[in-house]
Amino acid sequence: MARPTPDTAADPSKGRHGPAAVAKTRSPARAAGLRTPSWVGWLFVAPALAFYVVFVLRPIVLTVQYSLYRWDGIGPSTWVGLANYGKVFTDPDLFDSILNAVKLILFFSVIPVLLGLAIASTIRRIATSRLALVARTVLFLPQVIPLVAAGIAWTWVLSSTGVVNQVLSHLGLGGVTRAWLGDFSTALPAVGVIGAWVLLGLCTLLLLAGMSRIDPALYEAARLDGAGSMREFLSITVPILRQEIGVCVTVTVIAALASFDIVYISTQGGPGNSTMVPGLEIYYLAFSERQVGMASALAVVLMVLVLICALPIQWLTKDKNS
Amino acid sequence: MTATRRGWWRTALGLVLTALMLFPVYWMINVSFTRDQDMRKSPPYWFPVNGTFEGYRAVLEQQGPYLLTSLIVGLGTVLLTLVVSAPAAFSLAKLRPRGGGVLSFVLLIAQMIPGIIMAMGFYAIYLSTGVLNTVPGLIVADSTLAVPFAVLIFTTFMSGIPEELMQAARVDGATPLRVFWSVVLPISRNSIITVSLFAFLWAWSDFIFASTLDQGGAGQPITLGIYHYIGNNNQQWNAIMATAVVASIPATVLLVIAQRYVAAGVTAGAVKD
């Protein structure tokens, strides 16, 4: 049921090859006076374009502008040049927030993608069973329930008297129990685990969808040639899924770098600054401490970081299509 | 023999994994029924025996307005997203105006901008135009999350609509608007459902825009309703969890009854070309 069906928007091959084929056969008719003038096309695009120019492009330009000033958001602003940026990279609190976000990539991105690959190739073979259907729904559940709700649930599970510690105590591991989200050494990994839980389902579903397109004959041929499961996985599954893996990595890396909800709910950046991430730091700077200039500088750095990570992956996956 | 043993292995692994993934959600439900005095009991009640509806009573009494706001924001976001994205996608897929790629590029960038940065931008605009702390303001902000995805889904689908179909209408004298409204939109029903579903889910779960743009609003969404519980240093964990459960119900119901459309959305997101 969850498999993409041709009548939905999901079938990529249809979208890509359909119009090209049609255009080839029908181009004479298109040229014969049925073309729509460009301005009509623009009329349809206009609302969306206006929407994004006003609400996305303009704010970005303003953010860059604010980042060059010291400003409390209300009173007069003072030109400070690149001083705010200097502070982002020298102030340990600010810079550590960026480092934390980078560390979160391990949990938000690496673990879900690797584990997702393992799970997808495992349940691919039982993909038609009832269990697989249930598993898919359950895997995707963390993605649709509000992160705030998920964060609350996890806060309780991981608390000092939470169920994780109770289970550990019963296993005779009472020594390692702690308030996982309140301990300097475990808070960041604990936040990471929540993120991995949220993103694992998305990655698995994406990879499963990709795998359903792989011709089973490829695997049969490989098996006849004596390839083991590991070899099959590395030589067939991974190369064919390059595009899906690319999308998973893009989405999850952005989620790690731009993380906000989970951290805000589970730790608020603490203890100390051990789970402070740029998103949360920007929030505090802009909305509590009224340092709009500093917040904007950090925002610009974060934006650049996200684009540096995401655009090459986008470009790589696109490269394969053309 | 080996085949069945391997199959058994996979099934067992699948079961364990499903259970592990489900556990935090299950625990949220379990705690929502737990009495205050049993909250820190060790070992805990693994099932809601000796349960209480106290938490849900609190939700009914206190969270109604929040839920209503979330519903309005969700539906508003669906509507605005459709109105903005469907015509744009139609144009990109079928009319292909010169330079239309600019929009695709802007949408791609918009998708990558972290929410908190968008929130700062909205805050400045809203403050000066007086829509801060209002429901329409929140709807507009939430729509910016859904529109790039919506344009992607619609463009992919509409590109596949045969040109003949549209040309037949054009020969009969239909304007592009007419073609869009009477030919393209009705065929795009499935994509409309997929888009609406995701727009609603995103708006419903949004926290970042709600906490920055609607913190002092008269109508606040349920995600803020949950958050206020924590802010109040409330020890009524069953009520907190019950709120989280209630906030998760619409999403879960939609996921189960509209699985096909969710899957379509997930896989279509994978084809960003």
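Here are some notes:
- Average beta-carbon neighbours from other chains, 10 Å sphere, peptide B:21-30: 6
- Ordering A:Phe260, A:Pro271, A:Met230 by the projection of their Cα atoms onto the charge dipole of the stretch A:91-321, which places +1 on the Cβ of Lys and Arg and -1 on the Cβ of Asp and Glu, puts A:Met230 at the extreme positive end.
- Rounded to the nearest whole Hz, the Karplus-based 3J(HN,Hα) values (6.51 cos²θ - 1.76 cosθ + 1.60, θ = phi - 60°) of the stretch B:205-215 follow the sequence 8, 4, 10, 5, 6, 4, 6, 9, 9, 9, 4, with x at glycine and proline.
- Farthest towards the positive end of the charge dipole of chain A, among the residues A:Ala150, A:Gly201, A:Leu305, is the Cα of A:Gly201, using unit charges on the Cβ of Lys, Arg, Asp and Glu.
- Simple rule: put +1 on each Lys or Arg Cβ and -1 on each Asp or Glu Cβ in the protein assembly as shown, find the dipole, and look at B:Gly115, A:Thr250, A:Ala295; the Cα lying farthest toward the positive end is A:Thr250.
- Each of A:Ala217 and A:Ser169 was given a label point 7 Å from its Cα along the Cα-to-Cβ line. The distance between the two points is 6.1 nm.
- Under 17 Å from the Cα of A:Lys87 - aspartates and glutamates, other chains or at least 8 residues apart: A:Asp72, A:Asp96, A:Glu281, A:Glu289
- Whole-number percent relative contact order across chain A, with pairs defined as alpha carbons under 8 Å at least 6 apart: 26 percent
- Between A:Asp91 and A:Arg242, the FRET efficiency estimated from the beta carbon spacing at R0 = 45 angstrom works out to 0.70.
- A:Val176-B:Ile257 FRET efficiency (beta carbon distance; Förster radius 56 Å; 0.05 resolution): 0.85
- Here A:Cys203, A:Cys248 are placed in order of increasing Cβ neighbour count within 10 Å, fewest first, which gives A:Cys248, A:Cys203.
- One decimal place: the segment B:Arg35-B:Phe53 gains 5.6 nm when fully extended, by the rule 0.36 nm per residue minus the C-alpha distance.
- Cβ-Cβ distance of A:Tyr284 and B:Glu61, R₀ of 35 Å, FRET efficiency by 1/(1 + (r/R0)^6): the value works out to about 0.60.
- Choice from A:Ile194, A:Ile105, A:Ile60 with maximal GNM fluctuation in chain A (Cα, 10 Å cutoff): A:Ile60
- Residue order, fewest to most beta carbons within 10 Å, for A:Arg130, B:Arg260, B:Arg189, A:Arg58: A:Arg130, B:Arg189, A:Arg58, B:Arg260
- Full extension of the chain segment joining A:Ser185 with A:Val134 gains 14.8 nm, where the gain is 0.36 nm per residue of separation less the Cα-Cα distance.
- From least to most packed, judged by other beta carbons within 10 angstrom and beginning with the fewest, A:Val102, A:Val176 follow the order A:Val176, A:Val102.
- Using only side-chain charges placed at the Cβ, +1 for Lys and Arg and -1 for Asp and Glu, the dipole size of the protein assembly as shown relative to its Cα centre rounds to 1740 debye.
FYI, it's all coordinate maths here, none of it is from the lab. This one's a predicted model, so the numbers in the text were calculated from it and none came from an experiment. Every residue, glycine among them, receives a Cβ derived from its backbone with ideal geometry; neighbour counts consider all protein chains shown.
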